[in-house]
Amino acid sequence: MKDNNVLRQSIFFSLISFCAGQAIAQDVVEEVVVWGSQSDRSFVNPSPTSVLNQDDFASINVATTEDVVKFEPSVVIRRRFIGDSNGVLGMRGSNMFQTSRSMVFADGVPLHYLLQSRWNGAPRWTMVSASEIAQVEVKYGPFSAEYGGNAMGGVMEIETAIPQKSEFHFDTSYYSQDFDAYGFNDTVTGYKTFASYGNKVGDTSFYLSFNRLDNEAQPQTFRAGGGVSSSIPNSALIPVTGTIVGNDDLGRTVNWFMDTGVVDTLTNNYKFKLGHEFGAWSALLNVAYEDRSSVNDSANSYLKDSEGNTVYRGNVIDGDRRYSVPASRFASSDLERRSLSTGLRIRGPLTESIDLEANVNRFTVLRDETRSSGSHPNDPLHSLNGQVSDFGDTGWNTAEAKLFFNDLGLDGLGLVTGVRQESYELNLDIYNSSNYQAGEQTSFSGRSGGETEIFAAYAQLNYQLSDAWDTSFGIRYEDFESSNGYFDEDNAETPEFDLTRVPARGSNEMSPKFSLGYRPNEAWSFRYSAAKAYRFPIVEELFSQFEAYNAVSLSNIELKPEDGTHHNLMAERAIEGGYVRVNYFTETIENAIEAQSTILDGGISLRTFIPVDEIETSGLEFIVNADDFMIDQLDIRFNAVYTDSEVTKNAANRALEGKVYPRMPEWRGNLLATYHLSRDWNIGLNAQYASDSFGRIDNLDNEDNVYGAQDGYMRVGLKSTYRLRDGMALGFGIDNLTDEVAYVAHPWPGRTFFANFSYDL
């Protein structure tokens, strides 16, 4: 590993011993009743689980849904700025780019995006507003038969508030961030406005909400120039000034000449929920519509010629430094995305001992179009020629029905069983455009797409052996098929646009699960859980291939399902107002699908999906969650995680064996501390720590604090909320208090100020 910042580690982990020494026995119950919940269910939960409610958010500067969960143990969310659509999620032994190993649900509706991976595969967080969240339950690992291999990392289940009376809520927030890196030094701002109204009339509840997020982001990309042929004389080069000489993530001296400028994002979300009770039965309809736009057209060139004109292209010389400045590095882009999600959840008893839960969902990409230029709009040689990328006929369907058997004729014996169907379709067309601003689709540049489908059947038997012992046995069967795959093939011998059709493939797997729990008294509890899990390749990994101005992506139709073996041993001690928990976990993933990006000469990003024979991960989580911790009115949520993840087998490239798996920090930790000064006034402290890591599987990127690096960081934030009167509150906060500069390939935000106002009626 790269050298860690010893001071930062010492400061953060001194908190571990501080927290560990404060354990005092007492039970805690984290519970909320949600719409249609079956509160009398008592099935064994084989997964280590963390629960958050609205009180736990008090010390967080919450802008979007990701903020609510980003302080949880073994969770990493790479949200580069407020409103980032690429807020990728990693849990446990899965890094942030292995997005298809984590699942996120809101009221039973999937938010995880199992069509694409890496930054494109981030959950659709904006389909639920942070302002409507009542509770989040985080389950680690694939230990329940109810979830497939996409839960290798874990599952987040979000439950939103459903009104039981007439309720109006309004809140608005303002954000301001100072950012200084390379040749950029400026302030970016944004705001959020949320309003909702709901009521319950008889047995029917309804809810309407609108969330608007308008934000500017710091530059996300910095470019360095490539080499110039030695045969070109200096006299043929453009003399310039302004080059920033520095290192890249591989430690090479490079010439930084630009950044991509401010990113302007606007997201509008409309939500409608309708709940109805039919005696003991309940139904919840959930409809969410997202309208998102993003504009990045203000790239900054650091270069000036001898007359003071900004240079946007050409072969240049600055002193003794010769390099190339491709015009496409300054390309502008404009994204429009509209999505519609509908979901229906039905719960109720079939008999006195059998309950039914059914969920159906449809997610449709109504429009997802990116229009890109070939050069900077201010470039004297700029034209309207460009590219248009269009995702058409893209979306998914899911349907699930599960039965809960509460009485099988033996005290303490229960069964949950069900079936689930998932269908995914992704189609990407890339066009050459003679007028990119108008979205004109002149001719095909690339086409790819395909479909995947999974049918699953599962059963999990739970048995309370005695007051102290319980166990569960589960089995999950999954049948996978990929079909209708295609990608373009550039054949110079034929003038037409050629497509390669991919034959349909299928496979099926059986995944056993086991858990054993022991509770010797009210204070202590122990649980061992083990599971197999298979994660099938998603559409992008199998079929999606394209070539854009600054990026090339290559799919891999030969990928096999990831084969995971998972273990978790938990020990928990109840303390006053909460608990102390330790989890030891191991994971062995065979046929791991690694999404790897390599920056080629000229700054072009090459994206590939490579199979890795075996990756082994082990980790230790230490968790303290408690109210009135040490002193009255002080609430604490603290966790620290040690993770060791490495490539253990790789016959195709033995040099990778023994390498640290990329984007997996050895140490991570989070702290939320809230002090209730009075009934109306809270102050909070939050902190996030991560040691540095590698971005490349070959571990060659060993440079810190440069664009492209995977830096360690220690980010500290403050939050204070004051209730002016019943239903009205003001809040102020700061994230990244010390204005630490760090990169997770792209730069983390600088010091950010928050101000918010809320009103309830």
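Quick one: what pairs do we get from the range 342-366, first residue touching a residue at least 40 places away in the same chain (Cβ under 8 Å), second of a type outside the set (Gly, Ala, Ser) and in a loop (DSSP other than H, G, I, E, B), C-beta under 6 Å, 6+ apart or different chains?
Partner pairs satisfying both residue conditions: Ser353/Asn406; Ser353/Asp407; Asp355/Gln38; Leu356/Leu350.
Only residues that are under 30 Å from Phe97 (Cβ atoms), buried (at least 20 other Cβ atoms within 10 Å of the Cβ) and hydrophobic (A, V, I, L, M, F, W, C): list them for the range 625-666, please.
Phe638, Ala640, Val641, Val647, Leu656, Met664
So how many residues does the range 193-208 have that are small (Gly, Ala, Ser) and either loosely packed, with under 15 Cβ neighbours inside 10 Å or in contact with a helix residue (DSSP H, G or I) (Cβ under 6 Å, 6 or more places away or on another chain) (or both)?
Final tally of qualifying residues: 1.
Could you grab me the full set of residues in the range 299-318 that are surrounded by fewer than 18 Cβ atoms within 10 Å (Cβ to Cβ), among the small types (Gly, Ala, Ser), in contact (Cβ under 8 Å) with a residue 12 or more places away in the chain and assigned to a loop (DSSP other than H, G, I, E, B)?
Across the range 299-318, the qualifying residue is only Ser306.
Please work out if Leu366 is part of a strand (DSSP E or B) and under 30 Å from Leu410 (Cβ atoms).
no
Identify the residue in the range 247-267 that is in contact with a strand residue (DSSP E or B) (Cβ under 7 Å, 6 or more places away or on another chain) and surrounded by fewer than 17 Cβ atoms within 10 Å (Cβ to Cβ) and, among all such residues, is farthest from Thr189 (Cα to Cα). Reasoning before the result, please.
To start, the set of residues in the range 247-267 that are in contact with a strand residue (DSSP E or B) (Cβ under 7 Å, 6 or more places away or on another chain) comprises 247-248, 253-267.
Then keep just the ones that are surrounded by fewer than 17 Cβ atoms within 10 Å (Cβ to Cβ); that gives 253, 266.
Numbers: Thr253: 33, Leu266: 12 Å.
Among those that are in contact with a strand residue (DSSP E or B) (Cβ under 7 Å, 6 or more places away or on another chain) and surrounded by fewer than 17 Cβ atoms within 10 Å (Cβ to Cβ), it is Thr253.
Does the range 283-295 hold any residues that are crowded, with 22+ Cβ neighbours inside 10 Å and either touching a His at 6+ places or on another chain (Cβ under 9 Å) or at pLDDT below 95 (or both), and which are they?
Leu284
Just to check your reading of the model, which residue among Val245, Val254, Val295 is without any contact (Cβ under 8 Å) to a residue 40 or more places away in the chain, assigned to a strand (DSSP E or B) and of a type outside the set (S, T, N, Q)?
On the way: Val245 fails: without any contact (Cβ under 8 Å) to a residue 40 or more places away in the chain; Val295 fails: without any contact (Cβ under 8 Å) to a residue 40 or more places away in the chain.
On inspection, the qualifying residue turns out to be Val254.
Scan the range 563-586 and give yes if some residue there is closer than 25 Å to Asp701 by Cβ, buried (at least 20 other Cβ atoms within 10 Å of the Cβ) and of a type outside the set (A, V, I, L, M), otherwise no.
no
For a quick check of your reading of the model, give me the residue pairs whose first member lies in the range 445-474 and is among the polar types (S, T, N, Q) and buried (at least 18 other Cβ atoms within 10 Å of the Cβ), whose second is assigned to a loop (DSSP other than H, G, I, E, B) and at pLDDT 95 or above, with beta-carbon atoms closer than 6 Å and at least 6 apart or on different chains.
Gln460/Ala145
Being of a type outside the set (A, V, I, L, M, F, W, C), farther than 30 Å from Arg367 by Cα and modelled with pLDDT under 95 is the filter; apply it to the range 407-444 and report the residue that is surrounded by the most Cβ atoms within 10 Å (Cβ to Cβ).
Per the criteria, the residue is Gly414.
For the range 166-192, what are the residues that are exposed (fewer than 15 other Cβ atoms within 10 Å of the Cβ) and either in a strand (DSSP E or B) or in contact with a Ser or Thr (Cβ under 8 Å, 6 or more places away or on another chain) (or both)? Before you say what the answer is, go through the steps one by one.
Going through the range 166-192, the residues exposed (fewer than 15 other Cβ atoms within 10 Å of the Cβ) turn out to be 166, 168, 174, 180, 185-187, 189.
Correct list: Phe168, Tyr174, Asp180, Asn185, Asp186, Thr187, Thr189.
The values are calculated or read from the model by the stated rules, or taken from the named source; none is laboratory data. What you are looking at is a predicted structure, and each value in this text was computed from that prediction instead of being measured. Every residue, glycine as well, gets a Cβ built from its backbone with ideal geometry; the counts of neighbours run over all protein chains shown.
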